[in-house]
Amino acid sequence: MFHNIPELVIRRMRYLEGLDSKDRANGTPRMERLRQIPPETGKFLAILAASAPKGQILEIGTSAGYSTLWIALACMKRNIKIKTYEILEKKIQIAKETFRESKMEKYIELIEGDALNYLITEKNVSFCFLDAEKEIYEECYDLIIPNLIQGGLLVADNAINHYETLKPMINKALSDKRVDAMIVPIGKGELLCRKN
């Protein structure tokens, strides 16, 4: 997967990494930044998505499509699509550009709108990456876990750098007998849950 990333994907990833760095250096307000994952987290997600059982691949919080591209590499290998949700119009436009410029549209379905309005109907989920507003994490967790297939994975970003905000959801996951869960100290911290 990592040894044959298409050149257009690499180019777009570098472009988005540059935008993200510039936003952080300029002190762009948190809500306006891309707030994307670091590359090592992208690789981690791609490996997990490639190894997940057969089923749907979801992402909640597309942003500019950076993490989507990493997961889409696994989808390309498996010849399936990732379904990704984004609610903010500005980010939707950047994401559309990302998928067009990288020529990865074949492996990505972008849903414009609030994921909470759709998650109840998403069945047979084998992998889900959650990276949205922290206030909805617990609600997303409650909707996703029942729809994860056995061996399916939920990965939630920011489990270390937003630990205090996410603590109720993290504690719920760590004590939930339906899943095996742990915090992986990569990037900003990933809560990894595997359905029993």
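Inside the range 97-123, residues that are surrounded by fewer than 18 Cβ atoms within 10 Å (Cβ to Cβ), under 16 Å from the mean Cα position of the chain (by Cα) and over 20 Å from Leu148 (Cα atoms) make up a count of 2. Among the residues making up the range 104-153, those that are more than 13 Å from Thr68 (Cα to Cα) and among the charged types (D, E, K, R) are Glu112, Asp114, Glu122, Lys123, Glu133, Lys134, Glu135, Glu138, Glu139, Asp142.
Listed by first and then second residue, the pairs with beta-carbon distance under 9 Å, at least 6 apart or on different chains, first residue in the range 121-147 and within 15 Å of Tyr163 (Cα to Cα) and touching a residue at least 40 places away in the same chain (Cβ under 8 Å), second assigned to a helix (DSSP H, G or I) and aromatic (Phe, Trp, Tyr), are Leu130/Tyr137; Leu130/Tyr141. Restricting Glu40, Glu86, Glu59 to residues that are of a type outside the set (Phe, Trp, Tyr), surrounded by fewer than 19 Cβ atoms within 10 Å (Cβ to Cβ) and either in contact with an Asp or Glu (Cβ under 9 Å, 6 or more places away or on another chain) or modelled with pLDDT of 95 or more (or both) narrows the list to Glu40.
Looking at the structure I just gave you, is Thr84 among the hydroxyl-bearing types (Ser, Thr, Tyr), touching a strand residue (DSSP E or B) at 6+ places or on another chain (Cβ under 7 Å) and over 22 Å from Asn147 (Cα atoms)?
Details: among the hydroxyl-bearing types (Ser, Thr, Tyr): yes; touching a strand residue (DSSP E or B) at 6+ places or on another chain (Cβ under 7 Å): yes; over 22 Å from Asn147 (Cα atoms): no.
No; evaluated as a whole, the condition is false for this residue.
Can you pull out the residues in the range 181-196 that are surrounded by fewer than 16 Cβ atoms within 10 Å (Cβ to Cβ) and either aliphatic (A, V, I, L, M) or more than 19 Å from the chain's Cα centre (by Cα) (or both)?
Correct list: Met182, Val184, Asn196.
Residues in the range 163-196 that are part of a helix (DSSP H, G or I) and of a type in the set (A, V, I, L, M): Leu166, Met169, Ile170, Ala173, Leu174. Cβ-Cβ distances below 7 Å connect the following pairs, each with a first residue in the range 149-171 that is in contact (Cβ under 8 Å) with a residue 60 or more places away in the chain, a second residue that is aromatic (Phe, Trp, Tyr) and buried (at least 23 other Cβ atoms within 10 Å of the Cβ), and a separation of six or more residues or different chains: Gly152/Phe127; Leu153/Phe127; Val155/Phe129.
The values are calculated or read from the model by the stated rules, or taken from the named source; none is laboratory data. Since we're looking at a predicted model, the values are computed, not measured. Here Cβ is always computed from backbone atoms with ideal geometry, including for glycine, and neighbour counts include all displayed protein chains.
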